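Notes to accompany the following structure.
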Amino acid sequence: MSTEVSPTVTIMCHQCGALNRAPGGRALSSGKCGKCSASLSTPHPVDIDGAKLARLQAHDKGAFIVDVWAPWCGPCRMMAPAYEAAAATFVDQARLFKLNSDENQASAASLGIRGVPTLIAYRGGRQVAHQSGAQTGPALNRWISSAISKT
């Protein structure tokens, strides 16, 4: 009889910033932060700042999407309800974050953002997909599904 050990993935808590080890392949909603007990999943997109983004990029090995947006942007506002729905759809596979480019100009510049909205997908500690322009409904879900399945 063999005991197969599931690989672990480092997931950053979006509430307190603590790094957590979670079994790979398990639903994010089944995990809780070891420090603050918050769920490791994001059933709604979570607003982050440049410091949290940098910590995610440096330490988080899970799948997550960052929507770089601006409050004055019409297409960003048009995409927001679909992005909210996508957070619920992908709650167990990926976390969805929002970065306000007006409030975090240095972070947006470091990402090479030339227009908003821009979606950036990360998996395994690296950027795996980048999409500029608003997407809604099934097109957004297809893009997220494709992006988080990349290795």
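Laboratory data are not the source of any read-out in this text; all were calculated from the coordinates shown. For clarity, every value in this text was computed on a predicted model and none was experimentally measured. Neighbour counts run over all protein chains shown; Cβ positions are idealised from the backbone, glycine included.
Details
- The average projected area of the chain, computed from the convex hull of its Cα atoms over all directions, is 9.1 nm².
- Using the Cβ of residue 76 as centre and a radius below 14 Å, the other residues enclosed give a net charge of -3, where K and R count +1 and D and E count -1.
- Whole-Å distance, taken between Cα centres, linking the range 107-151 and the range 7-52: 19 Å
- Spatially close lysines, pair count over the chain: Cα under 23 Å, gap of eight or more or interchain: 10
- Secondary structure note: in the range 42-149, about 55% of the DSSP beta bridges are antiparallel.
- Sorted fewest first by neighbouring Cβ atoms within 10 angstrom, 72, 143 come out as 72, 143.
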